[in-house]
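Chemist: Below is one structure. I have some questions about it.
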Amino acid sequence: MILVDSTVWIDFFNGQITPQTDYLADLIVSQPILVGDLILGEVLQGFQNETHFEKALNAFGKFQQVSLVTPELAEQSAINYRVLRTKGFTVRKTIDCFIATFCIVKEHDLLHSDKDFDLFEQHLGLRVIHPK
């Protein structure tokens with residue numbers, strides 16, 4: 001299954017046309033999509049208009065929602081962060097560690113537009129979708 005990061009959802013809801021949002025538009029009608037709880041929170045907190053918030057909340061309700069962090073995944077996330085640090089890389093956001101680790105452990109693909117995930121792809125085997 002595919003987990004879509006908040007970076008893509010935010011662009012999508014803002015009407016930005018990118019390879020990732022085009023891919024997401026196709027995905028919505030053709031494949032199951034996972035929505036992580038942390039991603040849901042990140043995206044929804046950005047809506048200033050109540051109507052748009054409600055529409056987005058309703059749209060997200062059509063997808064399978066999952067919790068991205070358990071105690072085991074939090075521990076593995078910390079390990080992944082430390083592995084990257086020993087290689088000389090620092091991930092800027094803890095939430096990105098949780099998202100990447102969830103995808104790695106659960107063997108899900110990630111659709112994103114955030115360079116922090118590149119480290120996880122290059123050094124820890126994160127499977128990333130690269131739309132053309």
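Chemist: With an 8 Å cut-off on Cα pairs and a minimum separation of 6 or more residues, tell me the relative contact order of the chain in percent.
Modeler: 31
Chemist: Using 7 Å Cα-to-Cβ label points, what is the Asp114/Arg82 separation (nm, one decimal)?
Modeler: Taking the simple label geometry, Asp114 and Arg82 are separated by 2.3 nm.
Chemist: For an R0 of 41 angstrom, estimate the FRET efficiency from the Cβ-Cβ distance between Glu50 and Glu75 and round to the nearest 0.05.
Modeler: Result of the calculation: an efficiency of 0.60.
Chemist: Return, for the Cα atoms of the stretch 2-124, the radius of gyration and Dmax in Å, separated by a comma.
Modeler: Rg then Dmax for the stretch 2-124, in Å: 14.7, 46.
Chemist: So between Ala59 and Val128, what do we pick up on full extension, going 0.36 nm a residue minus the alpha carbon distance?
Modeler: 22.5 nm
Chemist: Quick one: net charge around Asp11, please, counting Lys, Arg +1 and Asp, Glu -1 for every other residue with C-beta under 12 Å from its C-beta.
Modeler: Details: positive: none; negative: Asp5, Asp22, Asp114.
Net charge around Asp11: -3.
Chemist: Now, a different point. Are there any trypsin sites (Lys or Arg not before Pro) in the stretch 23-90 that are in a DSSP loop and have at most 16 other Cβ atoms within 10 Å? List them by number.
Modeler: Lys62, Lys87
Chemist: If Lys and Arg each add +1 and Asp and Glu each add -1, what is the summed charge of the other residues whose beta carbon sits under 12 Å from the beta carbon of His130?
Modeler: -1
Here, each number is a calculation from the coordinates, and none is a lab measurement. No experiment lies behind these values; they were computed from the predicted model shown. Here the Cβ is made from the backbone with ideal geometry for all residues, glycine too, and neighbour counts use every protein chain on show.
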